[in-house]
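Participant: Okay, handing you the structure first.
The values are calculated or read from the model by the stated rules, or taken from the named source; none is laboratory data. Keep in mind the model is a prediction, meaning the values are calculated, not measured. Here the Cβ positions follow ideal geometry from the backbone for every residue, glycine too, while neighbour counts run over all protein chains shown.
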Amino acid sequence: MATKSYVDLKAEVWDRGTCAGCGACVAVCPADAICFDEAGGSLAPRNIGYCKQQNDEVDCGACYDACPRVMRIDQDVLGNYLEIYSARATLEIPRRQTGGAVTALILTALEQGLIDAVVTVTEDRWTKKPASVVITEAGEIVSHAGSRYNWWVPLVAALKTAVMEKKCRKIAIIGVPCVVQAVNRIRTSENDLLKPFGRSIRLVIGLFCTETFDYHMLVEVLLKKEHHVDTWNIDRLDVRGKLEVTMRDGSLVTIPLEELQGAIRPGCRHCTDFTALFSDISAGAVGSRRGHTTLIVRNETGRAFLQEAITQNALLVGENPVDTSAIERLGRMKAKNVSIDRS
């Protein structure tokens, strides 16, 4: 079978409006010929007009083989796993939105030399604008703490910076399900152009996600224009059946999910994966009481990193049971909404 190029990817994913916006194609393109025009608004990437395969007849297919939307995910909500825990960090983490367990896991891994970089999402504290970031120092972890699953950013694009520029070889990636799906395709691919990336990924932590939001539509239009909320005055944002905006003075602005529909990324309407099924560890607030994080340990890699954090007294687990029915309920709701959109 002929290797597929960006032309196939464009026809099958970009032009159909199913692009996840994960940035995997941007990261792995050997010619640096794929990009997003707008850091916070493009619905799909574009090719700059050059492709080794199309122009020079050099076998490639990296972008197509890394894309999570060329396959369909049909599994139950929880997927395969070894254990499920409710956990919390032992250290104080400012601005944390659940139990700080992901920060504790990553901080421990960096301090113990198990990883040498973290690819994740950060945000400007004043504007709340998101960006992907490569963290290589343990001291930076806490300052970047806080779940930002509700912002869209082409996170996997930063993998190229970590692997090609910083020469990192023990990378952890924290991302939403579409990011995790892309990383799984990279890790398991037989494409020689993807193998250097796959070999450099040591840990993948997936975040529970129902949808991600376009920054302009959510912040500039909904929050600022319609609800008169200034970003510099926001302490944190939480999605718990509604959007909860906690202000710096402790007051709360709540916005029904119905009002958020126009800010949801169109590509999210084609994803049924709520718990990041292809991660090593999945994490989220659902199923645990406030101040705790639900951790789904999916394989021996995830178990080893979790155990190291426990051994180093960075993480407490098992204090409270996990309500798996709550996770399954929200996951089924996401899948149902996707099936309605597809019909």
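Participant: Kindly indicate whether ALA263 is touching a strand residue (DSSP E or B) at 6+ places or on another chain (Cβ under 7 Å), buried (at least 18 other Cβ atoms within 10 Å of the Cβ) and under 16 Å from TRP151 (Cβ atoms).
Facilitator: Yes.
Participant: Let me ask something else. Among the candidates TYR64, TYR50, which residue alone is on the phi < 0 side of the Ramachandran plot, among the hydroxyl-bearing types (Ser, Thr, Tyr), at pLDDT below 95 and not assigned by TED's automatic domain parsing to the domain that holds VAL180? Spell out how you get there, then give the answer.
Facilitator: Working: TYR64 fails: at pLDDT below 95.
It is TYR50.
Participant: Could you check, for segment 269-277, whether at least one of its residues is in the same structural domain as GLY302 (by TED's automatic domain parsing), in contact with a strand residue (DSSP E or B) (Cβ under 7 Å, 6 or more places away or on another chain) and not in a helix (DSSP H, G or I)? Let's see the steps before the verdict.
Facilitator: Of all residues in segment 269-277, those in the same structural domain as GLY302 (by TED's automatic domain parsing) come to 269-277.
In the following step, the residues that additionally are in contact with a strand residue (DSSP E or B) (Cβ under 7 Å, 6 or more places away or on another chain) were identified as 275-276.
Retained after the next criterion (residues that are not in a helix (DSSP H, G or I)): 275-276.
The answer is yes; a qualifying residue exists.
Participant: Let me ask something else about it. Given (1) over 20 Å from ILE205 (Cβ atoms); (2) touching a strand residue (DSSP E or B) at 6+ places or on another chain (Cβ under 7 Å); (3) free of Cβ contacts under 8 Å to residues at least 60 places away in the same chain, identify the lone condition not met by GLU319.
Facilitator: (3)
Participant: Here's another thing I want to ask about it. Any idea which residue in segment 11-57 is farthest from GLY262 (Cα to Cα), counting only those that are β-branched (Val, Ile, Thr) and under 21 Å from the mean Cα position of the chain (by Cα)? Write out each step before concluding.
Facilitator: Step one: of segment 11-57, the residues β-branched (Val, Ile, Thr) are 13, 18, 26, 28, 34, 48.
Imposing the further condition that a residue be under 21 Å from the mean Cα position of the chain (by Cα) reduces the set to 13, 18, 26, 28, 34.
Working: VAL13: 21, THR18: 16, VAL26: 26, VAL28: 31, ILE34: 27 Å.
Going through the qualifying residues, I end up with VAL28.
Participant: With the checklist (1) surrounded by 19 or more Cβ atoms within 10 Å (Cβ to Cβ); (2) at negative phi; (3) not aliphatic (A, V, I, L, M) in hand, flag the one item GLY287 doesn't pass.
Facilitator: (2)
Participant: Look at segment 171-210 and say how many of its residues are of a type in the set (A, V, I, L, M, F, W, C) and assigned to a helix (DSSP H, G or I).
Facilitator: Residues in segment 171-210 being of a type in the set (A, V, I, L, M, F, W, C) and assigned to a helix (DSSP H, G or I): 7 in total.
Participant: Suppose we filter LEU277, LEU218, LEU203, LEU223 for residues that are more than 22 Å from the chain's Cα centre (by Cα) and surrounded by 22 or more Cβ atoms within 10 Å (Cβ to Cβ); which single one remains?
Facilitator: Result: LEU223 is the single residue among LEU277, LEU218, LEU203, LEU223 that is more than 22 Å from the chain's Cα centre (by Cα) and surrounded by 22 or more Cβ atoms within 10 Å (Cβ to Cβ).
Participant: Right, something else. I'm trying to understand the selection: among the residues of segment 50-88, which are among the β-branched types (Val, Ile, Thr) and within 21 Å of ASP273 (Cα to Cα)? Show your work before the answer.
Facilitator: Within segment 50-88, the subset among the β-branched types (Val, Ile, Thr) is 58, 70, 73, 77, 84.
Within segment 50-88, VAL70, ILE73, VAL77, ILE84 meet the criteria.
Participant: Can you work out which of the residues in segment 130-166 that are modelled with pLDDT of 85 or more and basic (Lys, Arg) is surrounded by the most Cβ atoms within 10 Å (Cβ to Cβ)?
Facilitator: Of everything passing the filter in segment 130-166, LYS160 is surrounded by the most Cβ atoms within 10 Å (Cβ to Cβ).
Participant: Also, I was wondering about something else. For segment 292-319, enumerate the residues that are modelled with pLDDT under 95 and loosely packed, with under 15 Cβ neighbours inside 10 Å.
Facilitator: Those that are modelled with pLDDT under 95 and loosely packed, with under 15 Cβ neighbours inside 10 Å: GLY318, GLU319.
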